[in-house]
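What follows is one structure encoded as structure tokens, with my remarks underneath.
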Amino acid sequence: MPTADRDPRATPAGRASDELVLAAVARAEDHGTPDTPEIPFWAILEHLAVPRRSAAARHVRARLDVLHEAGSLQRSRRHGVPTWALTPSGRRRLRRAERAGRLGQLPESPQHRAWRNARTAAAQEIERFRRGLGDSLDEAAQLLDAAQPADSDAWFELGQRLRRGCWRVASASYCLYEWAEPQDARADIEDYSDPSDAALDPGERARRRARRLGRRNIRLWDDPS
């Protein structure tokens, strides 16, 4: 992976150079999955921080064709969608540009941006989530202490709110305290695991991983309509 992204907030000035387009493809490959090494156009744009419907995007699309013709990129299709991958010649060209100091800096990677956004949102929301959960727990205590037993629907409804409240606190806590900052040398793939899982039996390990589903998805924090 080329070291073209030392400043996470750097953005290309003007139109991306051919070498920076190659660096974006290389980083997208590093951050992809082994079974899908080819990179679609939209992913290349994300690594360049280029809006999809823009003159800059059209420039990148044209340079991909030029780099393909020059032998720096291999073009293929996946599910009917054009994809690109670096060729050995393209990797050598990228290394030469890096050694010569002509590569420039890629913008912040998509995986680092996702981590940063989630961490920022968690810092802003976790106290509100905790207060909401505390209110629900107080309500549960009041129902337990009521002179007349609460009806079953009240408990069912409160149970849903408690479950959601606990999940939001857990998700925000993970994003703020447990999600390690991604490094651009490798893909930050969520596998719902934790180092402590090694000490668990397979059944408990599977149950914990199932409970962690969606813990990085801050869009799930929104209140249901």
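Computed from the coordinates by the stated procedures, all read-outs in this text should not be read as laboratory data. Since the structure is predicted, the reported quantities are computational estimates derived from the model, not experimental observations. For neighbour counting, all protein chains shown are included, and Cβ atoms are generated from backbone atoms with ideal geometry for every residue, glycine included.
Values for this structure:
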read-out: Dipole of the chain [Lys/Arg +1, Asp/Glu -1 at C-beta], most positive-end residue of Ala180, Ala114, Ala97; value: Ala97
read-out: Calculated Rg and Dmax of segment 111-221 using C-alpha coordinates, Å; value: 17.3, 61
read-out: Most fluctuating residue given options Gly203, Gly90, Gly134, as computed from a GNM of the chain linking Cα atoms under 10 Å; value: Gly203
read-out: Reciprocal of mean inverse Cα separation for segment 69-150 (Kirkwood radius, Å); value: 18.7
read-out: Rg/Rh (Cα only; Kirkwood hydrodynamic radius) as it applies to the chain; value: 1.13
read-out: Total charge dipole magnitude, segment 18-108, about the Cα centre, Cβ charges on Lys, Arg, Asp, Glu only, Debye to nearest 20; value: 260
read-out: Sites Ser76 and Asn117, calculated FRET efficiency, Cβ-Cβ separation with R0 22 Å, nearest 0.05; value: 0.10
read-out: 222 nm mean residue ellipticity, helices alone, for the chain (DSSP H n ≥ 4; -39,500 (n - 2.57); rounded to 500); value: -17000 deg cm²/dmol
read-out: Inter-site label distance for Ala198 and Ser173 at 7 Å from Cα along Cβ, in nm; value: 2.4
read-out: Segment 18-108: Rg to Rh, with Rh as the Kirkwood radius over Cα pairs; value: 0.93
read-out: Cut-off 15 Å between beta-carbons: net charge of the residues surrounding Arg95, Lys and Arg +1, Asp and Glu -1; value: +2
read-out: Label-point separation, His68 to Ala100 (7 Å along Cα→Cβ), nm; value: 2.5
read-out: Over the chain, relative contact order from alpha-carbon pairs under 8 Å, at least 6 apart, %; value: 24
read-out: Over segment 111-221, relative contact order from alpha-carbon pairs under 8 Å, at least 6 apart, %; value: 41
read-out: Qualifying trypsin sites (Lys or Arg not before Pro) in segment 90-130, DSSP loop, other Cβ atoms within 10 Å at most 14; value: Arg102
read-out: Point-charge dipole on Cβ atoms (K/R +1, D/E -1) for segment 37-193, about Cα centre, debye to 20; value: 1740
read-out: Fluctuation leader among Phe129, Phe41, Phe156 - the chain, Gaussian network, Cα springs under 10 angstrom; value: Phe156
read-out: Gain in span if fully extended, Arg52 to Ala140, counting 0.36 nm per residue against the direct Cα distance; value: 26.8 nm
